[in-house]
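The block underneath contains the structure these notes are about, expressed in structure tokens.
No value in this document is a laboratory result; all are computed from the given coordinates. Bear in mind the structure is a predicted one, so any value in this text is a computation, not a measurement. Neighbour counts run over all protein chains shown; Cβ positions are idealised from the backbone, glycine included.
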Protein chains: 2
Amino acid sequence: MTTILAEREAQPTLNSAALAQLRSDILTCRLMPGAKLRVEGLRERYGMGASPIREALMRLEAEGLVVLEQNKGFKVADVSIDNLNDLMDTRIEIEGVALRWSIERGGVDWEASLLAAFHRLSKQEKFNPESPRAISNDWNREHEEFHAALVSACGAPTLLSIRSRLFEQAERYVSLSIMADGPSRDDVSEHQRLMKVALSRNVEKALEANRLHIEATRGKVAASLASKKKPAALSVVNRKPK
Amino acid sequence: MTTILAEREAQPTLNSAALAQLRSDILTCRLMPGAKLRVEGLRERYGMGASPIREALMRLEAEGLVVLEQNKGFKVADVSIDNLNDLMDTRIEIEGVALRWSIERGGVDWEASLLAAFHRLSKQEKFNPESPRAISNDWNREHEEFHAALVSACGAPTLLSIRSRLFEQAERYVSLSIMADGPSRDDVSEHQRLMKVALSRNVEKALEANRLHIEATRGKVAASLASKKKPAALSVVNRKPK
DNA sequence: AGTCAACAGATTATCGATAAAATATTTGAT
DNA sequence: ATCAAATATTTTATCGATAATCTGTTGACT
């Protein structure tokens, strides 16, 4: 698996490699929500000692992707309808503010980078024919970058970093939904509309479009969650046999 | 210093003790913005090994109180006018949303807990006569709890946790300002007004009052920062002599 | 004097071993 | 058989030691 090695080589430190790996494994649900994260298992999985792994887990705990129970170890954060609603409600407001400021403050550079990001996203296939139960890595990246481009002129780094953390959390729910129900539409037109209203500097319409975009995701994910085919906590990282 | 021991005894794990200690030392600026955080120094300071300390630092990094430069170690996050403005702008919006929802959704329990929190805050001295260059711990706690009470009925845990992280960051700027300029007014009336407009369910007035409350802090802190008597990076945790 | 390479000292990142805590299993009494 | 105390096993949390990296200093050369 060249990906893992590549990702690891790129990192200057085992710690950051562990962080990148864990984040990716959690966001794509290779590590399922609720799964126990035994250090020994992760050590084997990533081929490193306990320290860099625990440090990475600690960081992810602060981000809400991992939960630590004192003296009982780490597990992947659970998912739930309540948490989904909480998350999406919060996203709508926060992305709303960021988008408003971005539209009000963005210059021609912002417009250009938004167009560019949209173009890249629209040319990228969402699903890899071989594995239709997972979104392509490249598409995910372009998608994240498109939404980041929308709000990039917002001028408040703190707000932007909060936004991107929430965006990540949402990605995890989407992965889950796709694992359960298979590929979803590649919503190019929805993104195009978002871009258009933003470029036309119509704040109200842009906020509404963004809200609907988020609501659409919420609806799809909520449906998957409700028809709970959740073997959730079963994907344990490692358990000593007998 | 019984505080340190007490705080430490209360924690089930060295890790969480380190976290609490570090957070507190950073928020009160006993560890100054920009200060290098050498592990050896922290080991002596807190009397524990490197692992729990590094794990705590990693977590604080995610919260933005600490910065990690790969292979160069940790330091306390810097402060700046730009960051202050970014932070306060973001707070105004996020606390605004939380406050709106809380006012719209809060029941009589919310009203009661808000009244109680205000009462406790108003009975608490802000400064300890002995050390007028630092806000009393108790006041800080009651203050945080009063503001938490204001938004507690908001119904979105994610939003609340973001709010409280931003609130913490702001506390650090306030500490800094007080270290530089000495005690500030104990703004009971300002808090009382906030509570009143919230209880009267007047969303617009409440948001405005909250905005002004934050702007007042921003103004005071910005003034201190501008007259920069910053020996900032000088409070290094430990440096091997000669 | 100024620059740079090589070295020495300090600091970070990581590992492997161990103590502490939790969980699972056995055993003995009712 | 049932429950609970006692024990064994697993897992977590932490330490001390070491390898890797960075930083500051010395000294040779222009």
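Modelled spin-label separation between residue B:201 and residue B:122, with each label point placed 7 Å from Cα along the Cα-to-Cβ direction: 2.3 nm.
A point 7 Å from Cα along Cα→Cβ stands in for residue B:182, and the other copies hold the same point at 7.5 nm, listed in rising order. Computed on chain B, the Cα convex hull volume stands at 142 Å³ per residue. Based on Cα atoms of the stretch A:47-142, Rg over Rh with Rh as the Kirkwood radius reads 1.09.
Calculated mean residue ellipticity at 222 nm for the protein assembly as shown: -22000 deg cm²/dmol, from DSSP H runs with n ≥ 4 weighted as -39500 (n - 2.57), summed, divided by the residue count and rounded to 500. The C-alpha radius of gyration of the protein assembly as shown, expressed as a fraction of 2.2 N^0.38 Å, stands at 1.02. Across chain A, the longest run free of exposed loop sites, meaning GluC sites (Glu not before Pro) lying outside DSSP classes H, G, I, E and B with no more than 11 other Cβ atoms within 10 Å, spans A:1-124. Between the residues A:66, A:182, B:42, the greatest Cα displacement towards the positive end of the dipole of the protein assembly as shown, with unit charges on the Cβ of Lys, Arg, Asp and Glu, is found for B:42. For the peptide B:55-63, the mean number of other protein chain Cβ atoms found within 10 angstrom of a residue's Cβ is 6. Applying 1/(1 + (r/R0)^6) with r as the Cβ-Cβ distance of residue B:181 and residue A:179 and R0 = 60 angstrom yields a FRET efficiency of 0.60.
With both labels modelled 7 Å from their Cα along Cα-to-Cβ, the residue A:138 to residue A:20 distance reads 1.9 nm. With its label point put 7 Å out from Cα toward Cβ, residue A:49 sits 1.0 nm from the same residue's point in the other copies, in order from shortest. For residue B:141, the distances from its label point to the matching points in the remaining copies are 4.9 nm, ordered from shortest, with each point set 7 Å beyond Cα toward Cβ. Residue of chain A with the Cβ closest to the rotation axis carrying A onto B, and that distance rounded to whole Å: A:62, 2. Between residue B:72 and residue B:168, the modelled label-to-label distance comes to 2.5 nm, taking each label 7 Å out from Cα in the direction of the beta carbon.
The orientation-averaged shadow of the Cα convex hull for the stretch B:2-78, equal to a quarter of the hull surface, comes to 4.7 nm². Rounded to two decimals, the Cα radius of gyration of the stretch B:37-99 over 2.2 N^0.38 Å is 1.45. Does a label point 7 Å from the Cα of residue A:227, set along Cα-to-beta-carbon, have any residues of the stretch A:179-205 with amide nitrogen under 20 Å, and which are they? Under cut-off, by backbone N: A:179-187.
For residue A:80 and residue A:30, the FRET efficiency from 1/(1 + (r/R0)^6), where r spans their Cβ atoms and R0 equals 25 Å, is about 0.80.
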